[in-house]
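The values are calculated or read from the model by the stated rules, or taken from the named source; none is laboratory data. A quick note: this is a predicted structure, and the numbers were derived from the prediction, not measured. Cβ sites come from the backbone with ideal geometry, for glycine too, and all protein chains shown count toward neighbours. Surface accessibility is based on the protein's heavy atoms, side chains included, excluding ligands, DNA and RNA. Shrake-Rupley method; radii C 1.70, N 1.55, O 1.52, S 1.80 Å.
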Amino acid sequence: MPDEDLGRKYFRQKYASLVIVSAAQSQPSTYNGASALIEALVDAGVSYLFANFGSDHPGILEALAQARVTGKPVPKVITCPNEMVALTCAQGFVQITGRAQAVLVHVDCGTQAMAGAIHNVAKCRVPVLIFAGASPYTQEGELKGSRNEFIHWLQDVPDQRGILRGYMKYENELRTGRNIKQMIYRALQIASSDPQGPAYLMAAREVFEEEIPPVSVDASHWTPIAPQPLPESGLTELVESLLAAKRPLVVTSYLGRKTEAVAELVRLADQLGIGVLESCPSYLNFPTDHSCYVGQQGNEHMQNASLAEADLVLVLDSDVPWIPTFNKPAEGAKICHIDIDPLKERTPLWYIPAAQVFRADCTAALRQINSRLNSAGPLDDRRARYEKRHNAWISELTRREQKPTKEITAEYLTACVRRQIDRETVVLNEGITNFSAINNHIGCTVPGTRFTSGASSLGWNGGASIGMKLAYPDKTLVCLTGDGSYMFSVPSTVHWMARKYQTPFLTVVYNNRGWRAPKFSMLAVHPDGYASKAQDIDVAFDPPPDYSGIAAAAGGAFARIVKNVDEVEPAVAEALKVVREEKRCAVLDVWLAHL
Ligand SMILES: Cc1ncc(C[n+]2csc(CCOP(=O)(O)OP(=O)(O)O)c2C)c(N)n1
Ligand SMILES: [Mg+2]
């Protein structure tokens with residue numbers, strides 16, 4: 001039999017039962033579990049469903065189509081050819097808006113394919129609702145949705161929820177269409193209550209197909225728990241310590257996830273002359289041009305001078321305030337810790353020697369502290385000292401970002417980008433070994449303009465750019481990424497989606513021809529070993545792919561490879577013009593020194 005006939009026969013067999021069932025039961029309008037799911041998402045304020053469909057979703061595809069025909073609202077469906085990208089898009093959108101979004105994936109397979117994005121949303125505390133179908137639980141046509149494809153036996157796995165149990169704040173199985181709405185609201189309430197995080201719900205096809213009386217429940221009865229303030233007793237002691245200290249210092253990493261908290265931290269610095277150090281920041285926590293800002297530190301193996309001389313360290317929202325093997329506060333410094341998640345219950349090994357620890361919302365806590373601080377006191381000395389440090393730090397950055405004579409440096413490249421963007425431009429940083437260079441030289445000052453994945457599974461930059469652009473259609477977006485991280489981001493999917501959903505952004509690939517981070521990690525542990533002297537340690541990408549060409553092929557992006565120092569700034573300017581005026585993505589592949 002020719003291939004074509006075989007194909008037709010297979011198609012007829014595969015879909016015959018489906019066609020008969022739907023013809024026999026077709027009605028003008030059906031209300032089933034899938035209808036309840038879509039209504040629940042709309043009522044809960046979910047704007048987007050980042051979806052990758054499969055055989056588990058006939059009910060949902062049908063309900064979406066029915067709702068569109070009958071004029072009912074549906075979340076905007078974003079078709080995502082890769083699940084890691086789908087979840088990362090949702091993460092990007094939520095990092096901007098704070099509003100939980102939904103992701104739909106295919107059974108255990110799509111759950112696995114969300115891959116490291118699961119780690120990122122969990123560690124970054126991103127509220128997101130993930131739905132997966134599950135294999136039908138009937139096999140002889142007992143119920144609508146019963147098994148009718150061979151994969152239904154293969155996809156029936158012992159513990160689908162176990163795939164991501166270690167990462168979810170909440171996971172459950174929907175067992176009937178009748179309480180789907182309540183279950184969705186409960187999952188969203190848990191995901192959106194601090195400390196926020198992802199939730200996972202799965203359901204077999206029969207649940208979505210189950211015809212039910214329309215469910216009417218009030219989504220507003222499942223609001224997130226209210227932000228927690230500091231207790232009055234602890235507040236008094238804390239404020240006294242802050243006033244008594246000679247060199248108080250704030251260390252923070254993700255306080256800026258709420259932009260209001262940044263304004264409160266500025267008030268605190270202005271009132272108290274307290275220094276602010278960002279440690280491995282995942283958000284912009286403090287304006288980098290404020291005279292109390294002493295810079296940021298990531299993996300740099302050195303003792304931070306401001307941290308060493310502080311006599312009071314106020315840790316505000318941080319997972320890694322310092323790395324004690326080479327950087328820590330002085331012996332005897334008083335440490336106070338306010339965090340939405342101070343115990344880090346999902347991190348098996350975690351402690352800092354804190355005298356006071358509070359689980360509280362930093363915006364609320366800082367407001368309380370600020371309203372108690374009504375005397376400026378003898379603070380000019382503190383402020384002057386931090387101002388001196390700040391100015392020295394700025395001079396050092398200016399020195400480092402000078403135009404190089406030979407190979408392009410990350411510092412110079414980042415300074416070129418900075419000169420071509422405005423204050424409102426949103427910057428995504430997945431620069432890895434150039435992470436600090438990017439944060440330092442990009443010079444963001446406005447809260448909510450600088451982001452990272454907040455975690456460590458690479459490839460966040462592309463999907464997050466799409467999600468953030470959906471949230472901020474009028475802002476310019478600049479995605480600064482290592483070459484390895486660009487490859488991890490699945491650029492073929494990202495650029496197809498960016499064109500389809502009109503989310504133009506500029507990507508700059510910091511191309512050092514491979515993975516420099518594992519090389520640095522090796523050298524830090526084995527500085528004089530065999531690997532340190534080896535020519536090749538299997539981390540280089542020679543010859544590298546044509547990174548910008550991938551984006552051009554997948555989504556019509558503007559593509560340019562830049563190898564010459566003189567070309568850098570004009571290329572950034574031209575690429576940004578394309579993004580802003582032609583509303584098209586641009587990818588600049590900028591060659592730095594070989595790793
Ligand atoms: C999904 C995932 N796989 C592997 C790693 C381990 N890893 C950490 S950094 C890194 C290299 C990143 O390369 P690139 O983006 O080019 O940055 P560079 O190290 O060159 O600065 C790798 C492979 C990871 N963090 N996440
Ligand atoms: Mg690299």
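Numbers below:
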read-out	value
Residue list for the stretch 484-497, filter: crowded, with 20+ Cβ neighbours inside 10 Å and away from ligand 2 (no atom under 16 Å from the Cβ)	Val490, Thr493, Val494, His495, Trp496, Met497
Selection within the stretch 437-456 - within 14 Å of ligand 1 (Cβ to nearest atom), open to solvent by 10 Å² or more (accessible area, probe 1.4 Å) and either aliphatic (A, V, I, L, M) or modelled with pLDDT under 95 (or both)	Ala437, Ala455
Number of the exception - Phe53 against (1) assigned to a loop (DSSP other than H, G, I, E, B); (2) under 21 Å from Tyr170 (Cβ atoms)	(2)
Some residue of the stretch 80-88 being surrounded by 12 or more Cβ atoms within 10 Å (Cβ to Cβ) and modelled with pLDDT under 95	no
Filter result (hydroxyl-bearing (Ser, Thr, Tyr) and not in a loop (DSSP other than H, G, I, E, B)) within the stretch 343-370	Thr363
Evaluation of Ser395 against (1) touching a residue at least 60 places away in the same chain (Cβ under 8 Å); (2) farther than 24 Å from Pro570 by Cα; (3) part of a helix (DSSP H, G or I) (one fails), failing number	(1)
Residues that are within 13 Å of ligand 1 (Cβ to nearest atom) and out of contact with any strand residue (DSSP E or B) (no Cβ under 9 Å at 6 or more places or on another chain), drawn from the stretch 489-518	Val490, Pro518
Residue that is farthest from Ala455 (Cα to Cα), among those in the stretch 164-181 that are of a type in the set (S, T, N, Q) and touching a helix residue (DSSP H, G or I) at 6+ places or on another chain (Cβ under 8 Å)	Thr176
Residues within the stretch 329-339 that are among the hydrophobic types (A, V, I, L, M, F, W, C) and in contact (Cβ under 8 Å) with a residue 60 or more places away in the chain, tallied	2
Residues that are more than 16 Å from ligand 2 (Cβ to nearest atom) and closer than 17 Å to Gly463 by Cβ, drawn from the stretch 498-537	Ala498, Arg499, Lys500, Tyr501, Gln502, Thr503, Pro504, Phe505, Leu506
Options Arg161, Arg165, Arg186, Arg178: the member that is surrounded by fewer than 23 Cβ atoms within 10 Å (Cβ to Cβ), more than 30 Å from Asp317 (Cα to Cα) and among the charged types (D, E, K, R)	Arg178
Unmet requirement for Thr481, which otherwise passes all of (1) within 16 Å of ligand 2 (Cβ to nearest atom); (2) polar (S, T, N, Q); (3) in contact (Cβ under 8 Å) with a residue 60 or more places away in the chain	(3)
Of residues in the stretch 316-328 being in contact (Cβ under 8 Å) with a residue 40 or more places away in the chain and open to solvent by 10 Å² or more (accessible area, probe 1.4 Å), the one nearest to Ala364 (Cα to Cα)	Asp319
Filter result (within 19 Å of the chain's Cα centre (by Cα), open to solvent by 30 Å² or more (accessible area, probe 1.4 Å) and hydroxyl-bearing (Ser, Thr, Tyr)) within the stretch 404-436	Thr433
Scope the stretch 547-595; condition part of a loop (DSSP other than H, G, I, E, B), in contact with a helix residue (DSSP H, G or I) (Cβ under 6 Å, 6 or more places away or on another chain) and within 16 Å of ligand 2 (Cβ to nearest atom); matching residues	Leu595
Matching entry among Asp339, Asp289 (being open to solvent by less than 20 Å² (accessible area, probe 1.4 Å), under 20 Å from Arg257 (Cα atoms) and either at pLDDT below 95 or under 28 Å from the mean Cα position of the chain (by Cα) (or both))	Asp339
Residue under evaluation Val74, criteria (1) open to solvent by less than 20 Å² (accessible area, probe 1.4 Å); (2) farther than 17 Å from Tyr167 by Cβ; (3) of a type outside the set (Asp, Glu), criterion not met	(1)
Residue count, the stretch 13-44 (criterion: modelled with pLDDT under 95, touching a helix residue (DSSP H, G or I) at 6+ places or on another chain (Cβ under 8 Å) and of a type outside the set (S, T, N, Q))	1
Residues that are open to solvent by 10 Å² or more (accessible area, probe 1.4 Å), in contact (Cβ under 8 Å) with a residue 24 or more places away in the chain and within 18 Å of Asn511 (Cα to Cα), drawn from the stretch 566-591	Glu569, Trp591
Pick from the stretch 520-540, criterion away from ligand 1 (no atom under 15 Å from the Cβ) and in a helix (DSSP H, G or I), ranking: farthest from Gly431 (Cα to Cα)	Tyr530
Residue match in the stretch 237-245 (condition: within 26 Å of the chain's Cα centre (by Cα) and either within 30 Å of Ala455 (Cβ to Cβ) or crowded, with 23+ Cβ neighbours inside 10 Å (or both))	no
Number of positions in the stretch 105-120 that are of a type in the set (Ser, Thr, Tyr) and part of a loop (DSSP other than H, G, I, E, B)	0
Output for the stretch 457-488, where each listed residue is more than 13 Å from the chain's Cα centre (by Cα) and near ligand 1 (Cβ under 6 Å from one of its atoms)	Gly482, Asp483, Gly484, Ser485, Phe488
One residue from Ala557, Ala553, Ala531 being more than 26 Å from Lys403 (Cα to Cα) and either open to solvent by 70 Å² or more (accessible area, probe 1.4 Å) or of a type in the set (Lys, Arg) (or both)	Ala553
Within the stretch 258-315, tally of residues that are acidic (Asp, Glu), touching a residue at least 24 places away in the same chain (Cβ under 8 Å), out of contact with any helix residue (DSSP H, G or I) (no Cβ under 6 Å at 6 or more places or on another chain) and in a helix (DSSP H, G or I)	1
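Residue-by-condition table, conditions (1) in contact with a Phe, Trp or Tyr (Cβ under 6 Å, 6 or more places away or on another chain); (2) farther than 29 Å from Val427 by Cα; (3) part of a loop (DSSP other than H, G, I, E, B):
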| position | (1), (2), (3) |
| --- | --- |
| Pro81 | no, no, yes |
| Met84 | no, no, no |
| Val103 | yes, no, no |
| Ala122 | yes, no, no |
| Pro136 | no, yes, yes |
